[in-house]
1. Counting only DSSP beta bridges with both residues in the range 2-198, what percent are antiparallel, rounded to the nearest 5?
2. Could you tell me how many degrees, from 0 to 90 and to the nearest 10, lie between the Cα long axis of helix 47-62 and the main elongation axis, the longest principal axis, of the Cα atoms of the chain?
3. Specify which residue in the list Leu93, Ile145, Gly156 is farthest towards the positive end of the charge dipole of the range 2-198, using unit charges on the beta carbon of Lys, Arg (+1) and Asp, Glu (-1), about the Cα centre.
4. Please compute P(r) over all alpha-carbon pairs of the range 1-88, binned at 5 Å starting from zero, and give each bin as a whole-number percent.
5. Just Arg117, Arg138, Arg184 to compare: in a GNM of the chain, with alpha carbon springs under 10 Å, which one fluctuates most?
6. Under a 10 Å cutoff between Cα atoms, tell me which one of Ala99, Ala57, Ala115 has the largest fluctuation in the Gaussian network model of the chain.
7. Let's see if you can work this out: charge +1 on each Lys and Arg Cβ, -1 on each Asp and Glu Cβ, no other charges. What is the dipole magnitude of the range 2-198 about its Cα centre, in debye to the nearest 20?
8. What is the Cα radius of gyration of the range 36-181 over 2.2 N^0.38 Å, N being its residue count?
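The values are calculated or read from the model by the stated rules, or taken from the named source; none is laboratory data. The structure presented is a predicted model; accordingly, all values stated were derived computationally and were not measured. Glycine also receives a Cβ, built like all others from the backbone with ideal geometry; neighbour counts cover every protein chain displayed. Protein only, heavy atoms only, side chains kept; ligands, DNA and RNA dropped before computing areas. Shrake-Rupley method; radii C 1.70, N 1.55, O 1.52, S 1.80 Å.
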Amino acid sequence: MLVVAATQNAHKIKELAEITKDFGMELISRSEAGAADFDIEEDGATFEENSLKKARAVMECCGMAAIADDSGLVTDALGGAPGVLSARFAGVLGEGADAANNKKLLALLAKTPDAERTGRFVSVVTAVFPDGRVIAARGECEGRIGRTERGDGGFGYDPLFTPLGYEKTFAELPAAEKNKISHRAKALAALRERLSDSV
Ligand code: IMP
């Protein structure tokens with residue numbers, strides 16, 4: 001099944017393709033589907049709303065099944081922030097955004113003791129089909145927020161996030177290891193179950 005990935009984030013596309021490679025799904029990018037030239041405002045209050053909005057907009061543009069991921073980091077000490085605002089937490093878009101976001105998060109958590117630096121990555125993936133079917137699934141990965149950035153892999157908040165049961169951050173773990181346990185992997189595994197139930 002040919003599916004358009006609604007995201008333009010190259011890191012996310014790589015992870016989505018890696019995780020779904022055994023799903024019988026061939027992912028193509030928005031530019032390959034001719035649906036790259038517009039922005040989708042992520043103004044929803046929840047990951048679910050934004051994920052649906054992105055998948056629907058891309059499906060409507062190219063008339064093909066589309067899959068979107070809306071994701072972010074939720075911290076307990078900051079009442080859920082950065083949450084749905086994860087990508088634009090520090091107000092910087094494009095190059096430099098990840099570094100600025102991590103710096104802001106570290107500053108806000110500077111006085112938070114280690115025991116309270118808990119949180120989770122959340123991903124909501126939504127598949128929207130031209131026949132009107134909408135299938136969504138959520139995945140979460142619990143962990144801790146560090147005090148310094150560690151590791152060169154991954155993207156976003158990965159250098160600050162150590163998944164529960166591990167010593168290494170997502171940016172220090174090999175990509176294949178992250179892609180087995182991540183929020184995105186869990187959401188896609190649940191989506192896969194629901195997709196096979198729906199056909
Ligand atoms: P979205 O495009 O609104 O879904 O933005 C998601 C944002 O959440 C990204 O730009 C990252 O800042 C953060 N994020 C989501 N998933 C991950 C991940 O796997 N690692 C690190 N950061 C992530």
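1. Percentage antiparallel, nearest 5: 85.
2. The answer is roughly 30 degrees.
3. Of Leu93, Ile145, Gly156, it is Ile145.
4. Answer for the range 1-88: a P(r) of 3, 14, 24, 23, 18, 10, 5, 3, 0 percent.
5. Arg117
6. Most flexible of the set in this elastic network: Ala115.
7. Here the size comes out at about 380 debye.
8. Normalised Rg, Cα atoms only: 1.11.
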